[in-house]
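The values are calculated or read from the model by the stated rules, or taken from the named source; none is laboratory data. If you're wondering where the values come from, they're calculated on a predicted model, not measured in any experiment. Heads up, the Cβs are rebuilt from the backbone with ideal geometry, glycines too, and the neighbour counts pull from every protein chain shown. Heads up: the accessible areas ignore ligands, DNA and RNA and are worked out on the full protein's heavy atoms, side chains in. Shrake-Rupley method; radii C 1.70, N 1.55, O 1.52, S 1.80 Å.
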Amino acid sequence: MKNLTLVVTILLILPFTFLSADETQKKEQDTTSVRKYEIPELMIMAPKQSTQIRLMPSSISVMESETIRDNSITSLNDVTAFAPNFFMPDYGSKLTSPVYIRGIGSRINSPSVGLNVDHVPYFEKAAFDFDMFDIERIEVLRGPQGTLYGRNTMGGLINIYTKSPSVYQGTEFLLNTGSYGYYNGLVSHYQKISDEFSFSANANYISEDGYFTNTFNDEKVDGSSSIGSRIRFVWDIDDKNTLENITNMERSEQGGYPYAKFDTETGMAGDINYNEYSYYDRDMISNALVYKYKGDRYELHSTSAYQYLDDKNGIDQDFSPNSLYYVVQTQDQNMFSQEFIVKSKYKENYNWLCGGYGFYQGFVNHVDVDVYSRDTKVLKDYDHEIFGGAAFHESTMSNFLVEDLSITTGIRLDYEMDELQYKENSFVKEVHYPKADTTYQALTSFQILPKLAFKYEFDYTTNAYISIS
């Protein structure tokens, strides 16, 4: 449990809130609640929508920087306590990090909930459990988001945005400590070099001793440490053109799998007692190059994204003090994506959006299985490639037939190809038993993803909607 936080701010961190003199003099009786103010002049726009978030015909939870900081939200696991119908279980390792929205999710293989961090799509669940720091806001969109976002969004979508140096200025230090050997240190610097150019640099470190003890060696099973950094550049070329580059890096080392036998008679778990050290180590780098053009009647967005993931997982699969089975699995992933969006400037009655998208995701997996009881080693290699493309459109007509009623229609044409090559070699008492390499026939998919939604706005903060997607 985290129980001590120290924050030191130098210069000025600009708040994203505007209050009148009368409002600032009012003090709420309940100091534990997060103050919320209606600011009609401030419009938070979803990046792929042509409307304000509050006006979208969808179920959305938005956590802004004040809520994230005050509640020590440092990972997606922590969001479970604040977003309705959102759940991220902990299976003892960052390798297995599924997310469920409204009960829809996937524990293995591709996720059923999408995740975008600073415009970079996270297609691999092994990347979902990362350290979040200097977060501007988190959006949780419930329900299918396929028309605009495509693959892996059947259950919903999570958008995470970090703080921009074009908004925030200054230097901030944070020290946080707690029980079970928890330490967190963060330093962030935001600076405008000129009216056109600004940059930020952040470094974050987290360490924990762990919660569970292995009785075999009397050591903690699930200790962890991670170090992350972010570098961001924003270039306001002129009034209409902006270029931005965001690079995130993280190194994580984690002891894993505090598993024990479950006694069905007593309903209690026994002691953790196994002899082989189990772990999960991961290196992750992501980069986004974002270009924006703001014309008089439309906006153009181009997002080029790359993510690299390199991990290694070791697990004592018999979970006993005997040497029976031990598995080491490594993975290298390279992901590239490119998206172009053209959308209308926010207008009162009609808004539209058109886009094109393409991606490539390549995996190289190696699995090393030791079966000590039979003096056997099995080596498995997977070469997996996925690539695809899409074209999409969405239109919203306000005051449709009657005042305050709007209709949204959308469609996405989505194509994907999936190829896998598999190779296995077995060694029994050092005798090699090779198996024939297998190349699976490529799987192709073409989907038409439609959307239809009606929304009636009662007032500035209340609306009712029905959505089919």
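Of note:
- Of the cross-linked pairs Lys192/Lys347; Lys125/Lys343; Lys163/Lys192; Lys377/Lys435, those separated by over 23 Å at the C-alpha level are Lys192/Lys347; Lys125/Lys343.
- Under the combined filter of DSSP loop state and at most 13 neighbouring Cβ atoms within 10 Å, the stretch 106-192 retains these chymotrypsin sites (Phe, Trp or Tyr not before Pro): Tyr180.
- Binning all Cα-Cα separations of the stretch 342-469 at 10 Å, short to long from zero, yields these whole-percent fractions: 11, 24, 18, 14, 13, 11, 7, 2.
- Helix content alone sets the calculated 222 nm mean residue ellipticity of the chain: runs of n ≥ 4 DSSP H residues at -39500 (n - 2.57) each, divided across all residues, give -500 deg cm²/dmol.
- Solvent-accessible surface (1.4 angstrom probe) belonging to Ser304, in square angstrom, nearest 10: 40 Å²
- Dipole of the chain, positive direction: furthest Cα of Ala464, Asn287, Val369, with charges on the beta-carbon: Ala464
- The residue among Met56, Ser164, Asn248 whose Cα reaches farthest toward the positive pole of the charge dipole of the chain, with charges on the beta-carbon of Lys, Arg, Asp and Glu, is Met56.
- Dipole moment magnitude, nearest 20 debye, the stretch 367-458 about Cα centre, only Lys, Arg, Asp, Glu C-beta charged: 280 debye
- The convex hull around the C-alpha trace of the stretch 241-287, projected and averaged over every direction, spans 6.0 square nanometres.
- Rg over Rh [alpha-carbon atoms, Kirkwood Rh] for the chain: 0.99
- Estimated inter-spin distance, Gln169 and Thr462, nm [label 7 Å along Cα→Cβ]: 4.2 nm
- Those trypsin sites (Lys or Arg not before Pro) in the stretch 247-348 that DSSP places in a loop and that have at most 10 other beta carbons within 10 Å: Arg297
- According to the calculation over all Cα-Cα pairs in the stretch 234-374, the P(r) per 10 Å bin from zero is 10, 23, 21, 16, 13, 11, 5, 0 %.
- Shown is the FRET efficiency for Thr215 and Arg107, computed with R0 = 30 Å from the Cβ-Cβ distance and rounded to the nearest 0.05: 0.60.
- Shape category assigned to the stretch 42-185 from the gyration tensor of Cα positions, a/c cut at 1.5: oblate
- For the chain, leaving out every one of the GluC sites (Glu not before Pro) that falls in a DSSP loop and has at most 13 other Cβ atoms within 10 Å, the longest unbroken run is 42-195.
- Rel. contact order, % - alpha carbon contacts under 8 angstrom, at least six apart, the stretch 382-465: 30 percent
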